[in-house]
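Enquirer: Below is one structure. I have some questions about it.
The values are calculated or read from the model by the stated rules, or taken from the named source; none is laboratory data. In this text, all values refer to a predicted model and were calculated from it rather than measured experimentally. We place every Cβ from the backbone using ideal geometry, glycine too, and count neighbours over all the protein chains shown. Ligands, DNA and RNA are stripped out before the accessible areas are found, and what is left, the full protein with its side chains, is counted by its heavy atoms. Shrake-Rupley method; radii C 1.70, N 1.55, O 1.52, S 1.80 Å.
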Amino acid sequence: MAGVNLGIDFGGSSIKAGLVDVERGRLGETISVPTPVPSTPHAVVEVIRGIDARLPGAAAVGFGFPSVVKQGKACTAANIDAAWIGADVGALLTEALGRRATFLNDADAAGLAEMRFGAGRDVPGTVLVLTFGTGIGSAPFIDGKLLPNTEFGHLEMRGGSAELWASARVRTELSLDWPAWGARVSEYLAHMERLFWPDLMILCGGISEHFADFAPFLKARAPIRPAALGAAAGIIGAALAAA
Ligand code: BGC
């Protein structure tokens, strides 16, 4: 199918995928499979092989991956099995699926989709896309151009990684209500604003679909928008990266 790629978003709790019309940014049927435990390369590639068989017809495959990606290799593994470090993920998937596969950082993928088709479309200046899930991912854009592989979820806050203070996982694990979690996110956003002075911040991840519940408790200088593509931003961005 011309212009249709398979986008895959590898998260700490689930692997989500769908066929994406990359010219229009439209996503068809999606599949979500729990992330295997442990999330070793072998186990995850098997899940992706299964997904690929259930969603046939893509020209290429894009894989949003929760790690720094340099020279075609995964470099970190904050929330996934350490066996991924050093892996040539693109080659691994290309071989397993018999089709060209591209991989990139998951937050970078969500950012690309939001800047092209979502809340950041045509927005100039400094736009900071942040994903809140198992960890916190970041993708800063300057006049629409991405600075890839930033890891702003690992800025130090309260003596540890910021993502251990304000991710969506922390909200669930500590049963924080919206005001309490909103206060933590605001503290994190204030930290980001002191350093980057963004013109706009876009909040992504499944939690963005609950934006109305926590938005009243967010404080920031810059405007804040939820992902217009919702939880699908990561899938759509991965498919775009493969185009
Ligand atoms: C990882 C990032 C990733 C983010 C969101 C962090 O723990 O280090 O690479 O983008 O989680 O999944």
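Enquirer: Picking from VAL89, VAL44, which residue would you name as being open to solvent by less than 30 Å² (accessible area, probe 1.4 Å) and more than 12 Å from ILE8 (Cα to Cα)?
Expert: Values: VAL44 fails: more than 12 Å from ILE8 (Cα to Cα).
Residue meeting the stated conditions: VAL89.
Enquirer: Among the residues of the stretch 130-184, write down those that are within 9 Å of the ligand (Cβ to nearest atom) and among the charged types (D, E, K, R).
Expert: Of everything in the stretch 130-184, those that are within 9 Å of the ligand (Cβ to nearest atom) and among the charged types (D, E, K, R) turn out to be GLU151, GLU163.
Enquirer: Restricting the search to the stretch 188-214, which residues are on the phi < 0 side of the Ramachandran plot and either open to solvent by 30 Å² or more (accessible area, probe 1.4 Å) or modelled with pLDDT under 95 (or both)? Reasoning before the result, please.
Expert: First pass over the stretch 188-214, keeping only residues on the phi < 0 side of the Ramachandran plot: 188-196, 198-204, 206-214.
If the condition is that a residue be on the phi < 0 side of the Ramachandran plot and either open to solvent by 30 Å² or more (accessible area, probe 1.4 Å) or modelled with pLDDT under 95 (or both), then ALA190, HIS191, ARG194, LEU195, PHE196, ASP199, GLY206, GLU209, HIS210, PHE211, ALA212, ASP213 are the ones that fit.
Enquirer: Only one residue in GLY12, GLY62 is within 16 Å of the ligand (Cβ to nearest atom) and touching a helix residue (DSSP H, G or I) at 6+ places or on another chain (Cβ under 6 Å). Which one? Outline the logic, then answer.
Expert: Working: GLY12 fails: touching a helix residue (DSSP H, G or I) at 6+ places or on another chain (Cβ under 6 Å).
Unique residue meeting the criteria: GLY62.
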